[in-house]
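Here is the structure we will look at, set down as structure tokens.
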Amino acid sequence: MKYRTLGKTGIKSSVLGFGAMRLPLNSENPEDVNTRETVKMVDYAVEHGINMFDTALLYHTNDRSKPGVSETILGQTLKEYGDEVHISTKMPSWNIDSWKYFDNTLNSHLERLGRDSIELFFIHSIKDSYYESIKENGLYSFIDRAIDDGRIEHAGFSTHGSYNLLEQVLSDYDSWEFVLTQQNYLDNEENPGLTGLKKLNKLNIGTMIMEPLRGGQLAQNLPPSIEEIFDKSEHDYSPIEWAFYYLWDKSEVNCVLSGMSNSEQVKHNIELADNAKTGMLSKDDYRLLDEIKEEYGKLNNIPCTSCNYCMPCPFGVNIPKCFYEYNMDKVSYSSNASIQYKFHLHEDRKAHNCTRCGKCVLKCPQSINIPEQLSIVEKHFGE
Ligand code: SF4
Ligand code: SF4
């Protein structure tokens, strides 16, 4: 395993971090986590050098008005490893409306994780639309106080917001020590893009990366036209290698979080992380990735990462599943996608149930116009 310093925190973080948002399940219920398999995966990860584990209040919940089970499971599983490992967790920023909320929620994080202090504490998904309001509700005095009384060791935030927002948040508070942003070879221009990464680096703020595989879209079932471009390369890297190497190639990237769902993924990703180094991609490799990005742009796939933040839909639509099967059918030409959508997805869960109520739209970190895209899915599958 390779390690990089997480900015001002001084923590030597493994270049690969274990994200606990897609843990293995026993059933379709996101709260029904297979703890036995999870423990196996975590033990293997720690034994092979992963020391960074990431969770959030809302990972693995059925109902986004209450905490999920990810923090509790991760807290219990990592207990035996003590200071050998680092845990980060995230408080939803969109619910912050008072001091009371901050304090009660922070204490509930500590309880679920089974710790007196949170080493790496994120404000989860700061957005342009409500940043001013959470600031007015006392964001910074809360963090100061929680650092002073020892409940938080290091403070950071995650965002899919604009570069301007990133600059604003950084200039409003000088105790931020690390930031989590979405980066992969398709999402590298905005929100807040490579420019954002460079800015963070300049300020010696630790950088963690989410969605390196864009919710799995860059890992498998690539569209044939994309495969053709990859085939032109002199390397025989797998799609997953391309995605990770693109990130580890950058000195600005400290830790790449990957939401792993089974032991094979953990083993495979660790093998790749052993190769991580800057300068591993050439100018030709970057030209190839630019070509890939351009081709993806033409394919019009829906940039859904299956994060489930938009769920549940009050009218029953399984939004991520609709988008996944659409992408698989329209963009990747998977022979199974149409069957999956038409015959295996329950009628009540299909796109045509969308009433355009709009409740999901603001929740989507990828800013997808969900009702509009669902009507495209509906037409595509000829409902
Ligand atoms: S806009 Fe459509 S998909 Fe979104 S919550 Fe409303 S009914 Fe569900
Ligand atoms: S539509 Fe947006 S919020 Fe819903 S699963 Fe996809 S990326 Fe996540």
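The values are calculated or read from the model by the stated rules, or taken from the named source; none is laboratory data. Note that the structure is predicted; figures quoted are calculated from it, not measured. Here Cβ is always computed from backbone atoms with ideal geometry, including for glycine, and neighbour counts include all displayed protein chains.
Observations, loosely collected:
- On inspection, CYS357 fails the criterion of being within 15 Å of ligand 2 (Cβ to nearest atom), surrounded by 18 or more Cβ atoms within 10 Å (Cβ to Cβ) and not assigned by TED's automatic domain parsing to the domain that holds LEU58.
- Only listed residue being outside the structural domain of SER125 (by TED's automatic domain parsing), in contact with a Gly (Cβ under 8 Å, 6 or more places away or on another chain) and farther than 26 Å from ASN191 by Cα, chosen from ASP329, ASP348: ASP348
- Checking the stated criteria, ARG22 turns out not to satisfy the condition of being outside any strand (DSSP E or B), basic (Lys, Arg) and in contact with a Leu (Cβ under 8 Å, 6 or more places away or on another chain).
- For the stretch 362-376, filtered to residues that are away from ligand 2 (no atom under 11 Å from the Cβ) and closer than 21 Å to ARG214 by Cβ, the residue that is surrounded by the fewest Cβ atoms within 10 Å (Cβ to Cβ) is GLU372.
- Residue satisfying all of: in the stretch 90-139; within 22 Å of ILE11 (Cα to Cα) and of a type in the set (D, E, K, R); surrounded by the most Cβ atoms within 10 Å (Cβ to Cβ) among these: LYS90
- Taking residues in the stretch 168-182 that are at negative phi, and partners anywhere that are at pLDDT 95 or above and of a type in the set (Lys, Arg), the pairs with Cβ atoms closer than 6 Å and at least 6 places apart or on different chains are GLU177/LYS8.
- Of the criteria (1) outside any strand (DSSP E or B); (2) in contact with a Ser or Thr (Cβ under 7 Å, 6 or more places away or on another chain); (3) within 25 Å of ILE270 (Cβ to Cβ), which one ARG36 fails: (2)
- Residue match in the stretch 42-57 (condition: in contact (Cβ under 8 Å) with a residue 12 or more places away in the chain, among the aliphatic types (A, V, I, L, M) and surrounded by fewer than 18 Cβ atoms within 10 Å (Cβ to Cβ)): no
- Check on TYR333, surrounded by 16 or more Cβ atoms within 10 Å (Cβ to Cβ) and in contact (Cβ under 8 Å) with a residue 40 or more places away in the chain: no
- Test: residue in the stretch 286-302 that is more than 10 Å from ligand 1 (Cβ to nearest atom), part of a loop (DSSP other than H, G, I, E, B), within 20 Å of the chain's Cα centre (by Cα) and at pLDDT 90 or above: yes
- The condition (being within 12 Å of ligand 2 (Cβ to nearest atom), assigned to a loop (DSSP other than H, G, I, E, B) and modelled with pLDDT under 95) is satisfied by just one residue among TYR333, TYR309, TYR326: TYR309.
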